[in-house]
Amino acid sequence: MNEIDNDGIEGRGKRPVFLTVLCVLSFIYMGFGLLAGLGGVVSGPSSSEEMQRAKVDMAKQIGELKKQGMDSWVPTMQKIGRMVEQMNDNHYLSTFLNLIFTLLGIYAVFLMMKGAKLGFHLYIIHSILAIVGVYFYVSAANIPTFVIIVNLTISGVFIFMYSRNLKWMR
């Protein structure tokens, strides 16, 4: 008789190598996110002097863009500057939400690594929250469209790659 271990992995074969690679990549990325979030809790928001220096640096970058004739990027850079300012104003809320979303993602990847299909669904929720979470503490007018498009693309690619392993999960 074919015995199945507690995780149910023996009955469906070994974990696909592609799934293992995806999980390791996700753990590394989310691990850095977790460390950054914990560092943000410890360090607190930037001081007014640091924010002033950041504004001066942003003004210099905008000046460089104008000199190079890349005027179309100026509004985007201005939005990024305002977004950074709002994120700093809401530092603890943004840090707390990002930590929660990251922990959800780590748990989702852990479940997928163990072969639980629930992990895939939680990963989709994590991806959506990670993208729209910024709207909880930054005005939509200050979020550059390309930031959302890049995040949607990366999340979509990873969701698609994880979906290729759903037949192995239960």
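How large is the convex hull of the C-alpha atoms of the range 20-75 per residue, in Å³? Walk me through the intermediate numbers first.
Details: hull volume 6.8 nm³, N = 56.
Expressed per residue, the convex hull around the Cα atoms of the range 20-75 is 122 Å³.
Filter the DSSP H helices in the chain by two things, a Kyte-Doolittle mean of at least 1.0 and an axial alpha-carbon span of 24 angstrom or more, and list the hits by number.
Values: long enough: 17-43 (39 Å, 2.12); 48-67 (28 Å, -1.12); 91-114 (34 Å, 1.43); 145-163 (26 Å, 1.92).
Qualifying helices: 17-43, 91-114, 145-163.
Over all distinct Cα pairs, what is the inverse of the mean 1/r for the chain, reported as the Kirkwood hydrodynamic radius in Å?
On the way: mean 1/r = 0.0544 Å⁻¹.
Here the Kirkwood hydrodynamic radius works out to 18.4 Å.
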Number of Lys pairs in the chain closer than 30 Å at Cα, excluding neighbours under 8 places apart unless interchain, is 11
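D for the range 70-156, whole µm²/s, Stokes-Einstein with Kirkwood Rh over alpha-carbon pairs at 20 °C and 1.002 mPa s: what number?
This corresponds to a translational diffusion coefficient of 151 µm²/s.
How high is the relative contact order of the range 1-159, given as a whole-number percent (alpha carbon pairs under 8 Å, six or more residues apart)? Walk me through the numbers on the way to the answer.
Values: 122 pairs, mean separation 42.6, N = 159.
Across the range 1-159, relative contact order equals 27 percent.
Every number in this text was worked out from the coordinates using simple rules, so none of it is lab data. Remember, predicted model here, so these are calculated numbers, not experimental data.
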